[in-house]
Amino acid sequence: MQEKYAELLLKRCLNISNQPLLISCPIEVYDFVRVLVKKAYEIGVKDIYIDFEDEELKKLQLNNLSHEELKNSSFFNKKIFDEYAKKDACFLMLYAYEDFSGIDNKKLELSAKLVRETKPIYKERQLKNEIVWCIASVVTKTWADKLFPNEEDNVNKLWNIIYKMCLIDKEDPIKEWDNKIKLNSKKSEFMNNKQYKKLTFKNSLGTDLTIELPENHIWAGGNTVINGIETIANMPTEEIFTSPYKFGVNGIVYSSKPLVYNGSLIEDFYLEFKDGAVVNFDAKVGKETLRQIIEYDENSKYLGEVALVDYDSPISKSNLIFYETLYDENAACHLALGSSYLECIKEPNFDIVNKSNTHVDFMIGTKDLEVIADGEIIMKDGNFIK
């Protein structure tokens, strides 16, 4: 199964041939990384860099170093991303749930900023759609214990779920994803032809939010074309998404699933918007962490993404909260605070969509969610009706 997963990530998601490759991943999954590297060499890749992340070493740094000492630590320096971005490398980021409960939130936020600020060329080229990248998940013991505490063989249990969600259990996963992307593209095509001016979201949690869409906006659905190469940036993916008009968000929205940000949990929160900006918010758990997201920079209080996902998606039907945004966001309609996708507007212009140094997705979809587009109901009971 791991070989099929590696092949899907390399051949379909990254669509790599002989470009340089940077893999960022938890150190615990070195066995899977060996499978990935072997497969990459078979494809023809010669230049491979592995950026291992160690959760326990990160905790030691955060607990024992001051803010100034953290700034001088090489542990959070990711300038290697810039070096590979200059070489037009492909980037594969492998994530898993991390538990940083009990760690100083300000230090966690500082470490996240250091990671972002030390790879400006990579971030700029990613924003402009100039480099190939993919985000996927891998199983660690920490993540398996979070989802299935006290269960024997929970690591293999979670791997099997990941394989199912990524269609690795099928005979030909690449063909299955080709077909799935075609279905998502039909939804995007429908929305692009309609060119709705605004969407209104309502449900029983109390969400009543209107989002205006810029003229000539573009809905994307899973596949992205970068330098003529068709890729899948998120594995798995169930969404179609676009960039909202920066100053056209008004109303209130309630979260439908927990959000894990920098290893800290945020639960049962709401955001109130006026003229695009967050003007009020609260959370039963993690309010200060939520504040850090909103106040990350001058534009992080604005939305950068609106995404539509059927409530009956395979991930939603698993009835699991994964505590990993990649999976939870593909189980429900979601929004993102922070930077917009320039690929989602015909004429890129940061005067009408948001530019920020962060992008944080949060889930809002529910079983009774209704989405109204220019007075026309397009989603009812959480699902598309068109």
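Throughout, read-outs are computed from the coordinates displayed, never taken from laboratory work. Note that the structure is predicted; figures quoted are calculated from it, not measured. Note: ideal-geometry Cβ built from the backbone for every residue, glycine included; neighbour counts use all protein chains shown.
Things worth noting here:
- Shape of the stretch 158-240, Cα gyration tensor, a/c cut at 1.5: oblate
- Amide H to amide H distances under 5 Å link THR231 with THR224, VAL225, ILE226, where only residues 5 or more positions off or on other chains count and H is placed in the peptide plane.
- ALA277 paired with THR210, simple spin-label distance in nm, labels 7 Å along Cα-to-beta-carbon: 2.0 nm
- 5 angstrom amide H check on ASN383, placed H, neighbours 5+ away: TYR311
- When the Gaussian network model of the chain links Cα atoms closer than 10 Å, the mean-square fluctuations of GLY375, GLY286, GLY276 top out at GLY375.
- Per residue, the convex hull spanned by the Cα atoms of the stretch 144-192 amounts to 80 cubic angstrom.
- Karplus-derived 3J(HN,Hα) values for the stretch 37-47, using 6.51 cos²θ - 1.76 cosθ + 1.60 with θ = phi - 60°, are 5, 4, 5, 5, 5, 4, 6, x, 6, 10, 10 Hz; glycine and proline are entered as x.
- Contact order normalised by residue count of the stretch 63-165, Cα under 8 Å, 6+ apart, percent: 34 percent
- Estimated vicinal HN-Hα couplings, Hz - the stretch 162-173 in sequence order (Karplus 6.51, -1.76, 1.60; Gly, Pro = x): 4, 4, 5, 5, 9, 6, 6, 6, 7, 4, 10, x
- Principal semi-axes in Å for the chain [√(5λ), Cα gyration tensor, largest first]: 30, 25, 22
- Positive-end residue of ILE103, TYR5, LEU21, charge dipole of the stretch 2-165 with Cβ unit charges: LEU21
- Amide H contacts for TYR261 (H built 1.01 Å from N in the peptide plane; partners 5 or more residues away or on another chain; cut-off under 5 Å): ILE266.
- With Cα atoms as the point set, the radius of gyration and Dmax of the stretch 271-386 evaluate to 15.1, 40 Å.
- Remark: C-alpha extents of the stretch 2-165 on the principal axes read 44, 44, 23 Å, sorted largest to smallest.
- Share antiparallel - DSSP beta bridges, the chain, percent rounded to 5: 75 percent
- For the chain, a Gaussian network of Cα nodes joined below 10 Å ranks LEU320, LEU308, LEU259 by mean-square fluctuation, and the top entry is LEU320.
- Largest GNM mean-square fluctuation across PHE273, PHE52, PHE241, computed for the chain with C-alpha springs under 10 Å, falls on PHE52.
- Selection from PHE91, ILE168, ASN129, by position along the positive dipole direction of the chain (Cβ): ASN129
- Extending 7 Å from Cα along the Cβ direction at LYS346 and again at ILE43 yields two label points whose distance is 3.4 nm.
- Label point distance in nm, ASP31-LYS71, each placed 7 Å from Cα along Cα→Cβ: 4.3 nm
- Positive-end residue of ASN64, LEU271, HIS334, charge dipole of the chain with Cβ unit charges: HIS334
- Cα centroid of the stretch 242-274 to Cα centroid of the stretch 1-40, whole Å: 33 Å
- Hypothetical label at PHE148: residues of the stretch 1-29 whose amide nitrogen lies under 17 Å (7 Å Cα-Cβ projection): 1-2
- Sequentially through the stretch 296-305, phi angles give Karplus couplings (6.51, -1.76, 1.60; θ = phi - 60°) of 4, 8, 5, 10, 6, 8, 9, 7, x, 8 Hz, Gly and Pro residues having no value and appearing as x.
- Beta bridges by DSSP in the stretch 85-236, antiparallel share as percent, to the nearest 5: 55 percent
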